[in-house]
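These notes are about the structure you will find just below.
Throughout, read-outs are computed from the coordinates displayed, never taken from laboratory work. Every value quoted in this text rests on a predicted model; they were computed, and no experiment measured them. Positions of Cβ are generated from backbone atoms using ideal geometry, with glycine treated the same way; all protein chains shown enter the neighbour counts.
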Amino acid sequence: MKEGISTMHKYQEIPMRKYVKMSLKERTERHALNYPNDLNERRVNTGVTWSKRTQKHKALDSFYKTHVYTWISEGKKAWVRVAENDKGEEE
């Protein structure tokens, strides 16, 4: 028969493990045996590493330069292309 609150256990048909009381030194030794490559050094350069800009990013940049998100009717917004004058007025 299980001991403790059965609703706290996710799989109630599997019995709960007995709690093993151990000192901090014993816990540290057990961790060192389980993770031999752990040097206990704080990593400085953690976080998200971003990849190079892809063609998709470049296409989105050009889209944002040529389009504006604005109201097109009552209660409705959409992307609208901005008129461009590529030739310029250098004459």
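Observations on the model:
- The ranking of 18, 77 from fewest to most other beta carbons within 10 Å of each one's beta carbon is 18, 77.
- Note on residue 27 and residue 42: the model spin-label points, each 7 Å out from Cα along the C-beta direction, lie 2.0 nm apart.
- Once the C-beta distance of residue 79 and residue 50 is scaled by a Förster radius of 22 Å, the resulting FRET efficiency is 0.30 to the nearest 0.05.
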